[in-house]
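Accompanying notes for the structure given below.
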Amino acid sequence: MSNKRTTTTQYLAEFEYQAANPQGNTVQIDMYDPENKKAQSPMELLLSAAAACSAVDVIGILKKKRKTIDGLQVVAEGVRRNEHPKYFTDILLVFKLSSPDTTKSELEKIVALSVDKYCSVAATIRGVAKVRYESIVLRTGE
């Protein structure tokens, strides 16, 4: 598989865009004010990408450890500069795992491994934004 990735973003209407990869998978993007939102903004997509990238790693590691996964939610919160360019200076990823057989300590180690070593999105933005994380295990099946 090539290391090169390509997307094409098309202007649809004022404040509305659609991004597509070569396989035709699309993502809607808009820059509307919160009350008129139909899709995520580019900066929200960046948070979502960091959350999804690390979630893939966390799930993969949990499965290798034969842990029961009843659910995983990653809440991503970013703080932006006030001046232009308004990039993220701080990103917090909060991992909420529902599992009857995973301890908080185990999840903390897995999340650290994902965010600090494997997640390519976090690695890409780490030089600009401080990427922090927290782990919460919600015990299920007890």
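Give me TYR32, TYR133, TYR118 ranked fewest to most by other Cβ atoms within 10 Å of their Cβ, as a rough exposure proxy.
Ascending Cβ contact count within 10 Å gives the list TYR32, TYR118, TYR133.
From Cα pairs below 8 angstrom and at least 6 apart in sequence, can you work out the relative contact order of segment 42-138, rounded to a whole percent?
32 percent
Could you tell me what percent of the DSSP beta bridges with both partners in segment 42-138 are antiparallel, to the nearest 5? Let's see the in-between values first.
Numbers: 10 of 19 bridges.
Antiparallel bridges make up about 55 percent of those DSSP assigns within segment 42-138.
Give me the one-decimal nm value for the distance between modelled label points at SER105 and SER2, 7 Å along each residue's Cα-to-Cβ direction.
4.7 nm
For the pair LEU138 and VAL56, how long in nm is the line joining their label points, each one 7 Å along Cα→Cβ?
Result for the modelled spin labels: 2.5 nm.
Checking the a/c ratio against 1.5 first, then a/b against b/c, what shape does the Cα gyration tensor give for the chain?
prolate
Once Lys and Arg get +1 and Asp and Glu get -1 on their Cβ, which of VAL79, VAL58, VAL94 lies farthest toward the positive end of the dipole of the chain?
Projecting each Cα onto the dipole axis, the largest value belongs to VAL58.
Which net charge results for the neighbourhood of ILE91, defined as the other residues with beta-carbon distances under 15 angstrom from its beta-carbon, given Lys and Arg at +1 and Asp and Glu at -1?
So the environment of ILE91 carries a net charge of +1.
What ranking do CYS53, CYS119 get, fewest neighbouring Cβ atoms within 10 angstrom at the top?
CYS53, CYS119
Evaluate the charge dipole of segment 34-137 about its Cα centre and quote only its size in Debye, nearest 20, assuming +1 on the Cβ of each Lys and Arg and -1 on the Cβ of each Asp and Glu.
It works out to roughly 240 debye.
Per DSSP H run of at least 4 residues, take -39500 (n - 2.57); add these up for the chain, divide by its residues and hand me the 222 nm value, nearest 500 deg cm²/dmol. Don't skip to the end; give the middle numbers.
Numbers: 3 runs with 39 residues, N = 142.
The helix contribution divided over the chain gives -8500 deg cm²/dmol.
What do you get for the angle between helix 104-113 and the principal long axis of the chain? Use alpha-carbon atoms, 0 to 90 degrees, nearest ten.
Long axis of 104-113 versus the principal axis of the chain: about 40 degrees.
Which lysines have a Cα less than 27 Å from the Cα of LYS37, not counting those fewer than 8 places away in the same chain?
LYS86, LYS96
Restrict the search to segment 1-98; then list the GluC sites (Glu not before Pro) that DSSP places in a loop and that have at most 13 other Cβ atoms within 10 Å of their Cβ.
Qualifying residues, ordered by number: GLU14, GLU83.
Give me the angle, in degrees from 0 to 90, between the Cα long axis of helix 42-64 and the longest principal axis of the Cα atoms of the chain, rounded to the nearest 10.
Between the helix axis and the principal axis of the chain, the angle is about 30 degrees.
Throughout, read-outs are computed from the coordinates displayed, never taken from laboratory work. No experiment lies behind these values; they were computed from the predicted model shown. Cβ coordinates were reconstructed from backbone atoms using ideal geometry, including for glycine residues, and neighbour counts include every protein chain displayed.
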